[in-house]
Structures are given as structure tokens and as C-alpha cells.
1. Provide 319, 191, 144 ordered by accessible surface of protein heavy atoms (probe 1.4 Å), highest first.
2. Helix-only estimate, please: 222 nm mean residue ellipticity of the chain, summing -39500 (n - 2.57) across DSSP H runs of length 4 or more and dividing by its residues, to the nearest 500.
3. In units of 2.2 N^0.38 Å, what is the alpha-carbon radius of gyration of region 219-362?
4. Solvent-accessible area of residue 306, probe 1.4 Å, all protein chains present, reported in Å² to the nearest ten, please.
5. Run down the lysines and flag those whose C-alpha is under 30 Å from the C-alpha of residue 94, throwing out any fewer than 8 positions away in its chain.
6. Go through region 12-91 and name the trypsin sites (Lys or Arg not before Pro) that are in a DSSP coil and have 10 or fewer other Cβ atoms within 10 Å of their Cβ.
7. Could you estimate the translational diffusion coefficient of region 301-344 from the Stokes-Einstein equation, with Rh from the Kirkwood formula over C-alpha pairs, at 37 °C and 0.692 mPa s, in whole µm²/s?
8. Enter the Cα centre distance for the pair region 284-330 and region 46-77, rounded to the nearest angstrom.
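The values are calculated or read from the model by the stated rules, or taken from the named source; none is laboratory data. Quantities reported herein were computed from a predicted structural model and do not represent experimental measurements. Glycine also receives a Cβ, built like all others from the backbone with ideal geometry; neighbour counts cover every protein chain displayed. Note: accessible area is taken over every heavy atom of the protein model, side chains too, but ligands, DNA and RNA are not part of it. Shrake-Rupley method; radii C 1.70, N 1.55, O 1.52, S 1.80 Å.
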Amino acid sequence: MTAHVKPKALDDFKARDFRMLIDGMWTDGAGNALERVAPGHGVVVSRYPAGTKADAERAIAAARKAFDDGPWPRMTGAERSNILLKAADLIAAKADELAFLDCIESGKPISQAKGELGGAADIWRYAAALARDLHGESYNTLGEGTLGVVLREAIGVVSIITPWNFPFLIVSQKLPFALAAGCTTVVKPSELTSGSTLLLGEILIEAGVPAGVVNIVTGTGPEVGAPMTTHPDVDMVSFTGSTGVGRLTMANAAQTLKKVSLELGGKNPQIVFPDANLDEFIDAAVFGAYFNAGECCNAGSRLILHKSIAADVTARVAELAKKVKVGDPLDPTTQVGAIITPQHLAKIGTYVEGAAKAGASVALGGTALDLGLGQFMAPTILSGVKPDMAVAREEVFGPVLSVLTFETTDEAIRIANAIDYGLSAGVWSRDFDTCLTIGRKVRAGTVWMNTFMDGASELPFGGYRQSGLGRELGRHAVEDYTETKTLNMHMGARTGWWMPR
């Protein structure tokens with residue numbers, strides 16, 4: 001391998017040392033330091049405390065005290081909303097700094113990271129609006145002497161565990177909604193990409209979030225994440241990550257019957273019919289497969305093409321994919337950045353090799369790229385993939401596109417549904433009946449029609465089956481962090497009681 005070349009953009013950069021946030025105080029914690037080597041540059045860019053179980057327990061105790069005795073759950077919705085709006089403004093003001101941290105720590109392109117920050121600020125503003133809209137119900141139809149009221153109350157202390165692939169965006173799909181409901185939180189970002197979440201802690205303090213309401217503990221899953229999912233003082237766990245760790249999270253939470261929200265893996269199909277607008281689809285196929293280097297639960301990693309167009313479409317997708325720029329994440333023109341770790345790069349390569357041995361053809365790429373920086377993977381297309389191959393059923397989490405074919409609509413639906421996941425799907429046809437049929441019969445939380453990987457703060461996001469439990473975003477997102485309480489009120493003298501008088 002060529003020696004790593006430090007880009008000019010990092011000439012004056014010094015690795016940043018971070019501290020954890022517990023009960024409103026910045027601390028080094030009880031463990032040692034973790035160093036983050038930039039996957040796109042091969043140099044140390046961040047250091048965080050390696051949190052321990054004791055650190056997690058201190059953070060949980062702070063969140064418990066802040067919920068039981070502090071002002072946050074007792075504020076009006078308007079008061080919480082105003083603080084969340086201040087946070088959104090500060091996020092927007094610090095977007096370049098936050099995007100830079102996400103870029104160098106995750107390897108994603110800087111232009112993409114900046115786009116994600118814009119989306120994140122919008123989510124915080126949307127959550128702020130929902131803080132004022134959260135309400136219960138009343139029933140005056142229960143008879144003259146009875147009034148029923150259903151309250152929505154904050155569920156309590158929420159553990160939030162986020163992954164490395166969208167460090168700031170995914171914490172923004174969880175934390176502001178929990179805060180809007182009046183919850184207090186303990187947040188554990190991935191030990192690979194903790195920087196922007198720790199900077200968010202500074203932002204929230206500046207915005208006026210009281211001490212103990214948001215605690216941020218860095219470290220590994222076994223040391224920090226495990227106690228956050230088992231501790232009896234935690235009322236709910238919100239986790240995004242792999243399906244395997246999601247199962248473990250659910251099992252841990254079951255020990256104390258916590259509420260669990262899980263956003264997990266995906267193996268998302270794009271089903272393409274001969275009458276589709278193929279020019280638009282080709283662009284969406286390349287974007288869906290290689291956005292964030294394919295390290296995306298929503299990646300369109302399966303193309304399910306009608307046999308009559310499969311050869312032509314595959315060739316056209318390959319031609320466009322050849323033009324995708326892979327390179328330095330700090331280069332504004334880069335479209336595909338680095339792979340998160342050398343180990344993950346090797347895992348992606350194993351899937352490609354396994355598919356080739358099973359009879360698939362490598363139509364494009366298939367190898368790692370030596371760019372003299374960090375670790376990179378060439379955009380890859382596998383044709384001749386069969387539904388029973390591992391590469392067609394398991395989440396590769398890399399820039400690898402599998403091409404399958406179908407002849408009938410029913411066959412396309414069977415192939416789409418013949419996996420354990422159900423996060424999202426796409427269908428391409430000029431015929432609305434065809435799109436609606438796919439939309440109704442494919443088991444996925446989101447089905448895009450003649451587009452792919454579009455989204456908005458107003459639209460719920462989540463999956464079927466092993467893609468997770470619950471939904472994020474949308475107008476009901478705040479409700480996920482609440483419990484309902486029924487007040488059954490009787491007015492006047494009670495009559496008809498069964499005990500003799």
C-alpha cells in the first residue's frame with residue numbers, strides 16, 4: 001500500500017481532545033482515551049474518553065435526578081420549544097464545524113456532511129414545533145357523571161445509542177423528540193464518530209438545556225452501551241445500528257421490560273418495469289447504491305429488473321457508476337468517501353468474493369482502491385445474482401449493488417419480500433396501478449415510487465420485521481417518548497354500587 005498522504009486541508013489541523021458530558025459537567029471519565037484515525041486520511045483526528053460502566057451509571061443517575069426533581073419535564077411545551085429552536089439556530093451556525101467532524105471521523109464526503117447538517121437543523125425545528133402540539137384526549141361521552149381524560153406524559157429517562165454512519169443526523173432523529181416530550185437522556189455515540197455529538201452537548205448547554213437533561217458518554221458497547229440498556233432507572237432505549245446488536249439490545253431491555261425503539265438494517269430493493277423512465281432511474285440507482293459509500297441502512301442495494309431490460313439497464317448503471325468520484329472526503333467534488341475501518345473494508349470484499357464463487361459476475365469494480373489516503377472501495381456491480389445468495393439477502397453495508405431479474409409482478413414482489421428485512425423499497429413504472437400494487441404488497445416501512453431515498457422531517461421512518469421496531473420522524477415521533485395515563489373522573493353522588501347499603 002502507498003503511504004498515507006495528509007491532505008493540505010489538514011495541514012494546520014491538530015487532533016481534538018474531547019470530554020464526556022455528565023450532569024452538566026465535562027469530565028474525562030474513569031477510563032483511558034480512545035483515538036480516532038480518519039478513515040479517509042490515516043491520521044489521528046480525535047480523542048475521546050473510553051467510558052466505563054461507572055461513567056454510564058453516573059450519567060443515568062444524573063438523568064434520573066433531572067427527570068424526577070428537575071425543571072425540564074415540568075416546563076411548558078412552549079418553553080421547551082423555545083430552547084429547541086435556539087439549539088437549531090446554533091446547529092445551523094456551527095454547521096461547517098459539525099460537518100467537518102463528521103467528514104474526517106466517518107470518511108463521508110464533506111459536501112454530503114454539510115447537506116446532512118441542513119437536514120438535522122430542520123429536524124430540530126420540527127421537533128420544537130411538536131413540543132407545543134403534544135396533547136392528550138378527553139371523553140365526555142361516558143355519561144353525565146363521568147369524564148375521561150387521557151394524558152400523555154414523558155416516559156422518563158431514555159438511553160439513546162447511535163451508529164457511526166450518520167453521526168449527527170441520526171442523533172437528531174431521536175434526541176430532539178425525546179426532549180420535546182419532556183424526557184431526560186443518556187446518549188452514547190459510536191466510539192468511531194463521537195465528535196459531533198459531543199459538540200452538540202456544548203450547543204445544548206448554550207441553548208439553555210438544564211444540567212442532567214442530556215448526558216453524553218463515549219466508549220464501547222460492552223462498557224457503556226450494555227448498562228444503558230439494562231439499568232433499572234432507564235425507562236426506554238432508542239437504538240440505531242445493526243440487526244444483531246439490535247437483538248442484543250432488545251434482550252437486555254427485556255430484563256426490566258423497558259420500552260424499545262429500534263432502527264436496524266435493510267436490504268432494500270428497487271423494482272424496475274420496462275415502462276419506467278429509465279434516464280431518471282439510472283441516476284437514482286447509482287445514488288441509492290453509492291450514497292455514503294453504501295454504508296447506509298436505506299441503500300438501494302438490490303436492483304430487481306425486468307428481464308427484458310436487465311442487460312441494457314445494468315450496462316447503463318455501470319457506465320454512470322464509472323463516473324462517480326471516489327476520493328478525499330475533504331474534497332468538495334468527492335461523491336464517495338472512505339470505508340469506516342480496514343476491517344469493514346475486508347468484510348465487503350468477502351461478500352464480493354463469495355458472490356463470484358456462487359456464480360455472480362462482477363460487472364464493475366469489486367476491489368479496494370489504493371488512493372494513498374485511507375481505505376476505499378470501488379463502486380461495485382454484481383450481475384447474475386440469485387435470490388438465495390448471501391449478497392442478495394444480507395446487508396453488505398458497502399458500495400455493492402446486486403442485480404436480480406424478474407418476469408412477472410408477483411415474482412418481483414416475492415423476490416423483494418424473500419428476506420428478513422423490510423426497511424424501504426422503490427418501484428419504477430409509469431403505470432400508477434403497478435406502483436400502487438408494489439406499494440401495497442412489498443413489506444417495507446417506506447416505498448418510494450419513481451424516486452429513491454427522498455425524505456422529510458414530516459414523514460415517519462422505520463421498518464418491518466428485522467429492520468426494527470417503531471418509527472422516527474413524523475408528527476407522532478414525540479409520542480413515542482411518552483406514556484398514556486387515564487384519568488377516570490366521577491362527578492356527583494355515585495349510584496348503583498353493587499355493595500348493599
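1. The ordering from most to least exposed comes out as 144, 319, 191.
2. For the chain, the value works out to -11000 deg cm²/dmol.
3. Dividing the Cα radius of gyration by 2.2 N^0.38 Å gives 1.35.
4. Probe radius 1.4 Å; accessible area of residue 306 about 40 Å².
5. 6, 8, 14, 86, 108, 114, 174, 188, 325
6. Answer in residue order: 14.
7. It comes out at roughly 256 µm²/s.
8. The distance from the Cα centre of region 284-330 to that of region 46-77 comes to 42 Å.
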